[in-house]
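Worksheet: one structure, shown below.
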There are 2 protein chains.
Amino acid sequence: MNESLTPKQVARALQVSESSVKRWCDKEIIPTRYTAGGHRRIALSALIDFLRSSKHELVRPEVLGLPATTGQTMRVIDRAASQFTEALLQGDDEQCRQIVLDLYLAEHSISTICDLIFAKAFTTIGDRWKCGDAEVYQERRGCELAMRVLHELRTLIPAPPRDAPLAIGGAAEGDQYSLATTMVELVLRDIKWNAVSMGSNLPFETLAAAIRQHQPKMFWLSVSHIKDEAQFIQSYSKLFDEFGAEVAFAVGGRALHEQIRQQIQYAAFCDNIRHLESFAQTLLSATGKQSLT
Amino acid sequence: MNESLTPKQVARALQVSESSVKRWCDKEIIPTRYTAGGHRRIALSALIDFLRSSKHELVRPEVLGLPATTGQTMRVIDRAASQFTEALLQGDDEQCRQIVLDLYLAEHSISTICDLIFAKAFTTIGDRWKCGDAEVYQERRGCELAMRVLHELRTLIPAPPRDAPLAIGGAAEGDQYSLATTMVELVLRDIKWNAVSMGSNLPFETLAAAIRQHQPKMFWLSVSHIKDEAQFIQSYSKLFDEFGAEVAFAVGGRALHEQIRQQIQYAAFCDNIRHLESFAQTLLSATGKQSLT
DNA sequence: GCCAAATTCGTTCAAATCGTTCATTTTCTA
DNA sequence: TAGAAAATGAACGATTTGAACGAATTTGGC
């Protein structure tokens, strides 16, 4: 429950003096709100932004309700990935939180974390399962855990601005894998889209209804599993025919292999989260320029 | 519809104390009108003006639509429930979050919130969908949203003590509904179990492996949907035969109708989260005493 | 219209924060 | 390395904040 922090709390968390925090606020290094009486209030997301762009470290994150760090910032992403995978397999949520937060504070982008930590971990776990080295419940429990960490990350990024363009999306009918679409939502919000994931197992008719009712600038579809390919192609094409002209369709997912891709249309196919981020960023710049004319 | 606001509502919207708001009204920083009895009423437009003139940002504008909820009456819960349902349908995550956190801070138990707010909301949404008054995407998006709020609640309760008894559980194969098992985990942790949900769609073989590897004191199974009843009964019975003697089996879910219940064994069947909480509490006391002997 | 419950009032008071100044430490530069 | 410049942390009285309390007012149900 730490939406806004006082300079004293921040000072304790960073182990610096209160005077310094106040000075940073006054220099506008840390975006600050004020009460009517003139007391400073610092949003947690603003503090995180500041930390990511300064040399200061969050020495005592527990003051802010954040996971305790090891102190050493995690900069080597490969080692982090394997540690994260192990933590996921063991169901060690503290460790998972810590690794991800450390990486985030070490200025790794969220999209990088999604691709090289989360996605990699689940690929590895899948491989282990094929070899009989991992149980199904470990993978499922890992999904739950990953979801929690993603949600926590979500609270650390600022809310989208009022005029942010809307993006909606999800995983289609028969696809129960909601991790991917949650990651997409997170990454898009990180680059100032007003992204809303509608979850998984979404029938195409309801996707159409959602697009019709909310008129987004962008629509994403995560496809991890397809039950009936012919059916999928037909339903998807119908959706694209109706909205593809006005809404930017971004699709991705391991089930969308080349054969299928050749039979459907889209504005962008994304192999990973970073690709999607690039596409969304481009779109953002384009519509931004457009709105200036 | 919200022409005039009470100081309490404004206080929560601005994340300051009620005292401060009252003081600002008295200092004429916020234009205020008074009822015949001398209670302050703040016009929404006056509040907006105040926010614009001062550097004070409206932290939680959505609160302005909320009823003041510090009481414990059923009335409050009912109103909160319907507001929560509406917010879920509209995908308004700030409002959902706020309603639940308010209730929690007003010392309503988490199990009550689960039953009377979350479960009720999804029942209502299901009914509306049957009448054609709600889209599937609204329900799915609501699930995502509810999950986020549950995860946030989870961060507010303390971590289980080192010596807390272990409970594991989840939703069985073919059951994709992970909200229920997440609620169970949350409530059990709230009463000091070391509860770990393994998510949904868990094959019985992997449930067996999980129990074997972790040796919990309790095991829960959430059953919202059964694909093949005969198959379910057989697999479940096998699981119970193997572990039922050492591990307390708690089962629940709308798919476990009476016919099925009569064909399976368990330590407890729970109609709702509060039942499960009672059962777990009883078990906790019993094992606590046992360990003293 | 009346009653009981819930909410708000007005007040007080301790704790926290403000802005400022100044000595000390760190960093930069010649 | 010496000295200037910048950043830090501690201290101060003045102001603001938040929590508490009994009393008064409002609210919702009958």
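Output the residue which, of all residues in region B:160-187 that are under 21 Å from residue B:249 (Cβ atoms), out of contact with any Leu (no Cβ under 8 Å at 6 or more places or on another chain) and more than 12 Å from chain A (Cβ to nearest Cβ), is surrounded by the fewest Cβ atoms within 10 Å (Cβ to Cβ).
Ranking the qualifying residues of region B:160-187, first place goes to B:164.
Could you please give the count of residues in region B:1-11 that are within 12 Å of DNA strand C (Cβ to nearest atom) and either in a strand (DSSP E or B) or surrounded by fewer than 21 Cβ atoms within 10 Å (Cβ to Cβ) (or both)?
5
Do we have residue B:127 as at pLDDT 90 or above and part of a loop (DSSP other than H, G, I, E, B) here?
Considered against the rule, which asks whether it is at pLDDT 90 or above and part of a loop (DSSP other than H, G, I, E, B), residue B:127 comes out as no.
Just to be sure, is residue B:148 assigned to a helix (DSSP H, G or I), modelled with pLDDT of 90 or more and in contact with a Leu (Cβ under 8 Å, 6 or more places away or on another chain)?
No; evaluated as a whole, the condition is false for this residue.
Mind listing whichever residues of region A:216-234 are away from chain B (no Cβ under 14 Å) and either over 13 Å from residue A:170 (Cα atoms) or surrounded by fewer than 20 Cβ atoms within 10 Å (Cβ to Cβ) (or both)?
Matches in region A:216-234: A:217, A:226, A:228, A:229, A:230, A:231, A:232, A:233, A:234.
Output the residue which, of all residues in region A:4-16 that are within 13 Å of chain B (Cβ to nearest Cβ) and within 11 Å of DNA strand D (Cβ to nearest atom), is modelled with the highest pLDDT.
Result: A:6.
Output the residue which, of all residues in region B:12-32 that are free of Cβ contacts under 8 Å to residues at least 12 places away in the same chain and near DNA strand C (Cβ under 9 Å from one of its atoms), is farthest from residue A:33 (Cα to Cα).
B:26
Answer yes or no: is there a residue in region A:168-179 that is acidic (Asp, Glu) and modelled with pLDDT of 95 or more.
Checked against the condition, which is being acidic (Asp, Glu) and modelled with pLDDT of 95 or more, region A:168-179 yields no hits at all.
Within region B:193-203, can one find any residue that is crowded, with 18+ Cβ neighbours inside 10 Å, touching a Cys at 6+ places or on another chain (Cβ under 7 Å) and farther than 24 Å from residue B:286 by Cα?
yes
Cβ-Cβ distance below 8 Å, separation of 6 or more or different chains: which pairs start in region A:36-51 with a residue that is in contact (Cβ under 8 Å) with a residue 60 or more places away in the chain and end on one that is of a type in the set (D, E, K, R) and more than 9 Å from DNA strand C (Cβ to nearest atom)?
Partner pairs satisfying both residue conditions: A:43/A:3; A:43/A:33; A:44/A:3.
Just to be sure, is residue A:105 more than 14 Å from chain B (Cβ to nearest Cβ) and without any contact (Cβ under 8 Å) to a residue 40 or more places away in the chain?
When the stated conditions are applied, residue A:105 does not pass them.
Being more than 9 Å from DNA strand D (Cβ to nearest atom) and in contact with a strand residue (DSSP E or B) (Cβ under 8 Å, 6 or more places away or on another chain) is the filter; apply it to region A:17-33 and report the residue that is farthest from the other protein chains (Cβ to nearest Cβ).
That would be A:30.
Give the residue that is surrounded by the fewest Cβ atoms within 10 Å (Cβ to Cβ), with candidates limited to residues of region A:33-45 that are under 21 Å from residue A:157 (Cα atoms) and more than 8 Å from DNA strand C (Cβ to nearest atom).
Top of the filtered list is A:45.
Of the residues in region A:34-62, how many are within 11 Å of chain B (Cβ to nearest Cβ) and within 11 Å of DNA strand D (Cβ to nearest atom)?
Number of matching residues: 8.
Are any residues in region B:121-159 away from chain A (no Cβ under 11 Å) and crowded, with 18+ Cβ neighbours inside 10 Å, and if so, which ones?
Passing the criteria: B:121, B:122, B:124, B:125.
The values are calculated or read from the model by the stated rules, or taken from the named source; none is laboratory data. These numbers were taken from a predicted model, which means no experiment stands behind them. Reconstructed Cβ throughout: ideal geometry from the backbone, glycine too, with neighbour counts over all protein chains shown.
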